[in-house]
Amino acid sequence: MPSVQMANRLVRVMQIGNDWVSRVRWAAIVGLTVYLLALLGWLLQREPQYVASLWPANAVAMALLLGRPRRDWPLGLLACAAGNLLLNMTIGNGPWTAAGYTAVNLFEVAVGASVVVRVAGQPVTLSNLRQTACFIFCAAMVVPALTALPGAAMASLLHGAEYWPAWRTWWVADSISVMIFAPLVLAARAEFGKLLANRRRGLEAVGLTVATLLVALATFSSSVFPLVYLTFPFLIAAGVRFGMFGVGLNAAVAAIAAVLLTISGAGPAGHDSGNLVGAILEVQVFLGVTVLAALAVTAMLQEHRLTIDKLAASESRFRELVEHASDAILVHDLEGNFVDVNYQACKSLGYEREELLALNVHDIEVDISAGAARGIWRELTEGAAVTIDGTHRRKDGSTFRVELRIGLQTHGARPMIVAMVRDVTDRRQVEEQLYQAKEAAEEASRAKSMFLANTSHELRTPLNAIIGYSELLEEDIRANKHDQYVPDLNRVKTAGHHLLDIITGILDLSKVEAGRMEVDIVPIDLPDLLTRVGAAVEPLARRNGNSLTVDCNPSVGEVWSDPIKLRQIMFNLLSNAAKFTRDGKIFLSVEIEVAGDDNWMKLAVRDTGIGIAPEKFDTVFDAFTQADNSSTRRFGGTGLGLAISRRYCELLNGTIEVESEPGKGAVFTVRLPAHRAGPAMAVI
């Protein structure tokens with residue numbers, strides 16, 4: 001635990017915040033690091049070209065910039081310039097020389113970081129092959145080659161070095177340094193904390209680095225050139241175990257050791273060529289090739305590992321979803337042997353997971369026959385998912401109804417059948433109960449309609465007799481000069497007619513519901529029909545102080561429809577308007593609308609009465625219903641008029657709609673076909 005706590009403290013120290021104090025501290029770290037690494041590069045300089053064999057300062061500065069937001073880059077570049085100027089003062093360069101070298105180094109750092117961000121994106125983690133390749137090509141190849149142009153010119157002017165050899169050595173030194181030191185710094189923050197937190201892993205990293213150093217010292221001290229390739233397996237091992245951080249750390253150790261030994265005249269290159277420039281160039285090329293290969297292999301391994309981690313995480317999430325699914329999930333091969341099940345499957349069937357995996361699908365499935373299975377398989381091979389009903393058997397022998405959604409999937413080279421199973425026992429029971437209730441309701445409705453039809457028919461006979469006898473009695477009383485009894489007989493006759501209208505409405509409604517209503521389509525003189533309907537309703541309208549206006553242009557002429565039902569529809573609507581309007585106005589208007597090849601008659605009844613609330617629109621056309629229950633007491637009526645009107649409109653292939661606001665009247669609009677090919681009798 002103490003080591004873990006110390007590691008956490010060190011990681012917190014390494015993390016730079018976004019406040020000004022933290023940013024200035026970061027800039028100071030950049031400047032000091034550039035100075036020390038530039039001093040190291042100067043110490044590794046070889047005199048013939050006055051160019052360092054390795055120049056890690058620019059590589060590390062570039063990596064430090066890439067690890068921060070771009071708004072911090074100006075401060076970092078300023079610190080980088082300060083570190084370069086301080087180095088030039090340390091080694092005794094003049095002001096102009098110091099300014100020239102500082103400008104060249106700043107150009108490499110700034111341009112390299114900018115190009116990498118633009119091409120590879122941020123953050124630069126080198127965790128995949130694409131970003132690593134972009135980084136190496138831009139930051140380690142192209143930008144150092146461009147920087148070497150003015151750098152070699154300065155070496156040539158100030159020290160008399162040959163231009164192209166100086167350009168080559170500058171480019172190779174900076175290129176190798178970027179490949180070695182930049183990945184080390186970019187990956188340091190993430191990996192360093194892991195190494196400190198895990199002592200065993202940290203010791204492994206230290207041991208591998210020491211082994212790389214010893215191998216580099218041994219091989220680059222030897223005169224046998226092929227032995228230097230022994231460092232490459234250690235770089236690969238470092239990449240496998242510790243990623244880019246491991247490659248950068250071990251490559252830096254090997255590179256510094258190799259250059260120092262070669263400059264001192266040791267090593268296979270120095271012994272073989274006798275030329276220090278050529279010897280160091282051979283070492284640089286070797287380091288560049290091996291480090292480049294190690295970076296590429298490490299990037300591929302990291303990308304592969306990241307892909308595996310994503311797949312594992314995805315599989316884990318999928319497995320968790322499957323385990324917590326509310327439906328049972330069963331996976332079996334083509335022989336029916338279970339290969340995977342979820343928790344709900346075990347729970348619903350009463351088995352432990354191991355017990356269920358040892359069974360075959362035929363051990364739990366009751367209903368599916370061999371023929372049905374072949375049909376299911378045929379649909380599955382055609383790419384379709386199949387939904388079927390079945391019955392499953394539990395471990396205790398009880399059965400339950402299920403709905404199965406079956407699909408075909410391939411696991412590796414093996415086709416598998418995946419079944420999502422839902423227990424539908426309760427749902428089936430509810431559906432059966434609903435079906436039985438529906439059947440009972442429909443039967444009751446049919447019985448009611450038949451009862452009303454028969455009863456209404458039976459009631460009409462005595463009512464006709466009552467009305468007929470009341471009329472005969474009225475005639476006799478008038479003939480015998482007993483006029484005092486006439487009002488009472490009129491009340492009997494009026495009540496009889498009213499009751500007869502009610503019974504006739506019930507009879508008509510029951511006929512429609514029982515499917516016994518006939519429709520007779522004949523030519524109709526529409527203006528004449530509506531005029532006669534208006535004349536019949538006008539006394540009722542006047543009784544309530546209303547005016548009735550029928551607006552039907554004689555040019556409308558003849559239409560095809562059922563005159564009895566059309567008359568009844570309009571009579572009901574006008575009667576309703578007269579009933580629910582006091583001292584107002586009632587309008588009946590007619591239009592002929594053309595829709596394609598069809599003509600429709602639009603009949604609208606408007607009134608200025610009490611109106612209807614919008615929430616009552618759905619029920620106003622129901623039988624025995626009025627917009628307000630209190631209307632029955634205030635205005636009378638049975639609520640059959642609108643119900644019959646809607647049924648008649650539907651029989652005539654038309655519609656009826658209502659628009660209204662309480663206190664502002666109502667508009668009932670009827671749309672019916674206006675023209676037919678000819679008269680016809682239809683039984684609906």
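The values are calculated or read from the model by the stated rules, or taken from the named source; none is laboratory data. Worth saying up front: this structure is predicted, and the values here are computed from it rather than measured. So basically every Cβ, Gly included, is an ideal-geometry build from the backbone, and we count neighbours across all protein chains shown. Remember, those area values only see protein heavy atoms, side chains included, never the ligands or the DNA or RNA. Shrake-Rupley method; radii C 1.70, N 1.55, O 1.52, S 1.80 Å.
Go through the stretch 232-251 and give me each residue that's over 17 Å from Thr125 (Cβ atoms) and open to solvent by 10 Å² or more (accessible area, probe 1.4 Å). Before the answer, list the steps.
Residues of the stretch 232-251 over 17 Å from Thr125 (Cβ atoms): 232-238, 240-241, 250-251.
Within the stretch 232-251, Phe232, Pro233, Phe234, Ile236, Ala237, Val240, Arg241 meet the criteria.
Based on this model, can you work out whether Ala161 counts as surrounded by fewer than 24 Cβ atoms within 10 Å (Cβ to Cβ) and closer than 22 Å to Leu276 by Cα?
It is true that Ala161 is surrounded by fewer than 24 Cβ atoms within 10 Å (Cβ to Cβ) and closer than 22 Å to Leu276 by Cα.
Which of the helices (runs of 4 or more DSSP H) contained wholly in the stretch 190-280 include at least 1 residues that are modelled with pLDDT of 90 or more?
Details: elements: 199-221, 231-263, 267-273.
Here the list reads 199-221, 231-263.
Select from the stretch 514-548 the residues that are at pLDDT below 85 and assigned to a loop (DSSP other than H, G, I, E, B) and list them in ascending order.
Gly515, Arg516, Met517
Condition first: open to solvent by less than 60 Å² (accessible area, probe 1.4 Å) and among the polar types (S, T, N, Q). Now tell me which residues in the stretch 354-380 satisfy that.
Once the filter is applied, which keeps residues that are open to solvent by less than 60 Å² (accessible area, probe 1.4 Å) and among the polar types (S, T, N, Q), the stretch 354-380 yields only Asn360.
Sort out which residues of the stretch 291-326 are hydroxyl-bearing (Ser, Thr, Tyr) and surrounded by 13 or more Cβ atoms within 10 Å (Cβ to Cβ), and write them in order of number.
Passing the criteria: only Thr298.
Restricting the search to the stretch 215-231, which residues are closer than 22 Å to Met179 by Cα and open to solvent by 60 Å² or more (accessible area, probe 1.4 Å)?
Residues satisfying the conditions are Leu217, Tyr229, Leu230.
Among (1) part of a helix (DSSP H, G or I); (2) at pLDDT below 90, which single condition is Met141 missing?
Here Met141 meets the rest and fails (2).
I need the full set of residues from the stretch 393-417 which are at pLDDT below 85 and among the basic types (Lys, Arg), in order please.
The answer is Arg414, and nothing else.
Keeping to the stretch 568-621, report how many residues are among the aromatic types (Phe, Trp, Tyr) and open to solvent by 60 Å² or more (accessible area, probe 1.4 Å).
Residues in the stretch 568-621 being among the aromatic types (Phe, Trp, Tyr) and open to solvent by 60 Å² or more (accessible area, probe 1.4 Å): 3 in total.
Out of all the residues in the stretch 85-109, which are in a helix (DSSP H, G or I) and of a type in the set (Gly, Ala, Ser)?
Passing the criteria: Ala98, Ala99, Gly100, Ala103.
Considering every residue within the stretch 124-134, establish whether at least one is within 19 Å of Leu54 (Cβ to Cβ), free of Cβ contacts under 8 Å to residues at least 60 places away in the same chain and out of contact with any Ser or Thr (no Cβ under 8 Å at 6 or more places or on another chain).
No, the stretch 124-134 has no match at all.
Residue-wise test of (1) modelled with pLDDT of 80 or more; (2) open to solvent by 80 Å² or more (accessible area, probe 1.4 Å); (3) small (Gly, Ala, Ser).
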position	(1), (2), (3)
Glu382	no, yes, no
Thr391	yes, no, no
Ala419	yes, no, yes
Glu432	yes, yes, no
Gln436	yes, yes, no
Lys448	no, yes, no
His457	no, yes, no
Leu473	no, yes, no
Arg478	no, yes, no
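Looking at the stretch 78-130 only, could you name the residues that are surrounded by fewer than 17 Cβ atoms within 10 Å (Cβ to Cβ), of a type in the set (Gly, Ala, Ser) and within 14 Å of Trp42 (Cα to Cα)?
Answer for the stretch 78-130, where residues must be surrounded by fewer than 17 Cβ atoms within 10 Å (Cβ to Cβ), of a type in the set (Gly, Ala, Ser) and within 14 Å of Trp42 (Cα to Cα): just Gly92.
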